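Report on the structure given below.
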Amino acid sequence: MAGRLSSMKPEYGKMTWEEVRDSDKDRVVILPVAATEDHGPHMALDTDTLLATRILDELANRIPDKVFVMPPIPYGFNEHHKDFPGVIWIQPETLISFVTDITESLAHHGFRRVVLFNSHGSNHPVLDLAARKTVIKNEIICVSVSYWNLMSHRINEIRKSATGGVAHACEFEASMYLYLDPENIHLERAFSQNLHDPESKNFNLDLAGGGSRAMHMNWWSAISPDGTMGEPTLADAEIGKQFFEAAVEETIGLIDEVASLPIRQRVDHH
Ligand SMILES: [Zn+2]
């Protein structure tokens, strides 16, 4: 029944099995994948998980008929952070297997459009591989995205910091957390550490800096004394609101495009 389908809730976990059976399989299913890790002396371990889930909650409020948002995976690939107490790390092979088991389950139930929504930097290559594996094995659309990549132009319009100021527990993350959960951030403990080397031709740590030409992920404790990378002392809730709005809007733009991607059939030329 069309009325019933269109009024279906956007929260995947709130559906019954009969509702899943009857749901529109061309709705985009979004799986948030985050991390539990150090975010400087001023931010909580749940930073990446909180930001991802709040962005997707708001997205689900705005386009409830177009998406199913799954419960988040709150752990990621971050063993290089383990010198900081509290970090829970997952091996990349495990994470790929875990995520592709989820996408295979979704494909089994008939869903055809899946987005892996990443909020933690080092999950990026892992989720790229998981999406590629999903496409090969299940022949559905599976897209991976690190959300800051959708909005680097917006970040650069809003930010106060120079290149290097937006990286980790930084102006960007701290501002959004201040806007979304001000009781659990301690900005008075923050130190800015802009670790970007303007002389470097090949490395750029800034999330909105257009990416590096080459990649070297060192031990986090070797590059940051307290886990911070960037300029959280420039953070405030007002720009946090602007970053958050931009994240929601640009993610909706991605969902619209994924919803209209053609599902192409492979051609075996043997
Ligand atoms: Zn983070």
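The values are calculated or read from the model by the stated rules, or taken from the named source; none is laboratory data. Computed from a predicted model, the values in this text were never measured in an experiment. Please note: Cβ atoms are built from the backbone with ideal geometry, for glycine as well, and neighbour counts cover all protein chains shown.
Numerical summary
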| read-out | value |
| --- | --- |
| Among the residues listed as Asn204, Asn218, the single one being surrounded by fewer than 21 Cβ atoms within 10 Å (Cβ to Cβ), among the polar types (S, T, N, Q) and at pLDDT below 95 | Asn204 |
| Residue within segment 224-237 that is free of Cβ contacts under 8 Å to residues at least 24 places away in the same chain and either within 29 Å of Arg189 (Cα to Cα) or hydrophobic (A, V, I, L, M, F, W, C) (or both) present | no |
| One residue from Glu188, Glu231, Glu199, Glu157 being in contact with a Gly (Cβ under 6 Å, 6 or more places away or on another chain) and not aromatic (Phe, Trp, Tyr) | Glu231 |
| Some residue of segment 1-21 being within 16 Å of the ligand (Cβ to nearest atom) and either under 24 Å from Ser221 (Cβ atoms) or aliphatic (A, V, I, L, M) (or both) | no |
| Residues of segment 179-190 that turn out to be charged (D, E, K, R) and within 15 Å of the ligand (Cβ to nearest atom), as a count | 1 |
| Failed criterion for Ala246 (all others in (1) without any contact (Cβ under 8 Å) to a residue 40 or more places away in the chain; (2) part of a helix (DSSP H, G or I); (3) surrounded by 10 or more Cβ atoms within 10 Å (Cβ to Cβ) hold) | (1) |
| Some residue of segment 57-78 being of a type in the set (Ser, Thr, Tyr) and touching a strand residue (DSSP E or B) at 6+ places or on another chain (Cβ under 6 Å) | yes |
| Any hit, segment 168-178, residues being out of contact with any Ser or Thr (no Cβ under 6 Å at 6 or more places or on another chain) and more than 16 Å from the ligand (Cβ to nearest atom) | no |
| Test: residue in segment 192-210 that is in a helix (DSSP H, G or I), in contact with a Phe, Trp or Tyr (Cβ under 9 Å, 6 or more places away or on another chain), of a type outside the set (D, E, K, R) and away from the ligand (no atom under 16 Å from the Cβ) | no |
| Filter result (part of a strand (DSSP E or B) and either among the hydrophobic types (A, V, I, L, M, F, W, C) or within 12 Å of the ligand (Cβ to nearest atom) (or both)) within segment 28-42 | Val28, Val29, Ile30, Leu31, Val33, Thr36, His39 |
| Failed condition for Lys137, given (1) under 30 Å from His108 (Cα atoms); (2) touching a strand residue (DSSP E or B) at 6+ places or on another chain (Cβ under 9 Å); (3) of a type in the set (Lys, Arg) | (2) |
